[in-house]
Structure formats: structure tokens, C-alpha cells
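Derivation of every value follows stated rules applied to the coordinates shown; laboratory data play no part. Just so we're clear, the structure is a prediction, and the values are computed from it rather than from any experiment. Neighbour counts are summed over all protein chains in view; Cβ atoms, including those assigned to glycine, are modelled from backbone coordinates with ideal geometry.
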Amino acid sequence: MPTKAKMIKMLMIAAVAAIAFQPAVAQTGKAIATAGSGDKPGPAGDTLDRAKTLRAAADALGMVRWSDIGAGGSRLPAVDVVNTIELWGSGTTYGSGQAYKSGAYWPSFKTEYHVALAYNPPAMRVEMTRINSGAPVQGGIAPLHAIQVVRDKYAWDESEMGAGLVPGKGIATPAMAAVNNRLLQLWILPYGVVKAALAAGDTARISIESGATVITFPLSGQLAGVTVKATLDAKNEVVKVETRTDNPALGEMVTETEYSDYVDHGEISTDIKSPGHIVQKQGGHLVLDIQVKMVDANNPYLVFPVPENVKKAAAH
């Protein structure tokens, strides 16, 4: 059972999250908040279906708290309670070097996986500790330890957590070419899919393929030109996310990610579900196969300050 101090902390975090997210959800979640209230479909004929589908997907994740009717019968907006998340897992990652045998997988590494992410502003830090599987590899061995970070339009690698912020404490290496790919990883997580589909508004489309519900929508901003196709299962859980693009320059944006075994992985129950197994292919090649061990979805305190040398590199 949580201690009294922990319970107070959880309530304070929930209150802050409600204040922080209410304006954003009011802008992008209006259709969901009113789904089932007797609204009629819009000109495209799918407004209500889209609203119901996105609400169901959000409910399946437990990421949104709904309060349809407030005091005096007034309608209140939905509150998105997912802002920051931290997860730990282990499994296999695959490097981009040439495989030892033609037609085989890329070189594989047993990997401990630690991810910290935020959606306001969009940021993500991925820490991987990799151990060579022992198979021969052409093209060299990947680093044993890597920390890859992205925030908004900046991307960099850290020699240690928080590198480059304090003189003499680690090295932050700009990695601006990786910005889009790292941001994409944030938005194709199940929570990112729901948020981005809401933000897409009328450009999000709902269809049925092979008996499954599919949400298709374009990304915007730095990821404009990329289309996301998310498949839901019978429980409305996001089980497959595919991205594609017609722009040859964004070839690395073509991914296929599968999610399964959803449960609440938190030490303290939050009713927020996360996938227990994540498998991803990029450009048709297997790049990630991770079993999730633990997730802190209770809006942990996570920050992603951009080192000055990274800002300078981005300006040139």
C-alpha cells in the first residue's frame, strides 16, 4: 500500500497534470469529449466514428480522465494524464552493420533498455547498454553503451546522463541528422498515436481492414510528409503502427512496430496500461525486440535541457 506521503504526492501530480493538459485537450479532444452525446456526423460523415474510436483507444490505455458532465450540467473537457513516462526493459537490438551471412538479420545485441520521454515539449532519452551476441559482424561493433536524446528540433548523444550541461561533466555530441527519426519514435508509441491522431483533426480517418479498426493520419511539423497507420485490436489497444512516406529523403521514416501484452507495469498502480512487448522493423529490417519490465507512468520528474554546443550546432 502507498504511504500517506506517496498518496499526497500522487494527488498533487494529478492536479498539476490536469492544469497543464486541459488547454491542449480542449483544442484537440473536443470530438472525443462529446462522442455519444447525440452529435451528428460532420460533412465527411465520419466525425462521430472518429471521436468514438479515439476515445476508445485512449480509454484502453487509461491515459485520459473523462468528466463529461460537471456542476450545473456543464460539459467539461477531457484531461490527458500522460505527460512524462519512464520505462525499463531488456531484449535484443539490431545494428545497421552488414550481416555475416547474406539474407540474415543485422548484427544483434542483448540490450538493457531505459527510456524517458515527455510530450510537452516533445522529448525522449533512450539509454541502451548493449552486449554483443557473439556472432561475427562485418563493419565493426556498436558501442557498448549509448544515450540518444531528442527535444523539439535538437538531437544529441550523451557520454553520460546530463552530459554537456556542466563544464567537465561528460560530452554532448550533436546529432542533428537524427532529429526526425528520434521524434518519430516518440509519436508512434501508443500514447503518441492517440495524441497525434487527435491533433490531426479532420485529416484522421477511420477504416476497417480484415475486421480490425484502423486509424490513418498524417504527422505535421518536422515530420510532415509521414503518414501513420495504427491498427487496434478487439480491446481497442494499439497493436500495430506503420509509418510511410512518399518522400525519398525520408526513407528512414518507414517503420513497422508491433505492441502486445498490455498491463499496468507500474510499481504503484496508475490504471495506465503499457505494452509488455515491443517489436520494430525499420526499412524492412528488424531493429528492436524488447520485453518491458517496469513503467513509471505517474508523470515522473524528467527534464531534457539542450546543451549550448548542441544549440550552436543546430544554428549552423
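For the reader, a short list of remarks on this structure follows.
- Protection proxy ranking, highest mean first, for peptides 261-267, 236-242: 236-242, 261-267, where packing is the per-residue count of other beta-carbon atoms within 10 Å, averaged.
- Label-to-label distance for Ala234 and Lys311 is 5.4 nm, based on points extended 7 Å past Cα in the beta-carbon direction.
- Cα gyration tensor shape for segment 84-315, rounded if a/c is under 1.5, else prolate or oblate: rounded
- With the simple spin-label model, which puts each label point 7 Å out from Cα in the Cβ direction, the Asp59 to Ser269 separation comes to 1.9 nm.
- Prolate/oblate/rounded label for segment 269-316 (Cα gyration tensor, a/c 1.5): oblate
- Net lengthening on full extension, His114/Ser159 (0.36 nm per residue, minus Cα-Cα): 14.7 nm
- Peptides 80-91, 173-184 ordered by average Cβ neighbours within 10 Å, highest first: 80-91, 173-184
- Two-site label geometry, Lys169 and Trp88: point separation in nm, points 7 Å out along Cα→Cβ: 2.2 nm
- Gain on full extension, evaluated as 0.36 nm per residue between His145 and Glu209 minus their Cα-Cα distance, stands at 19.0 nm.
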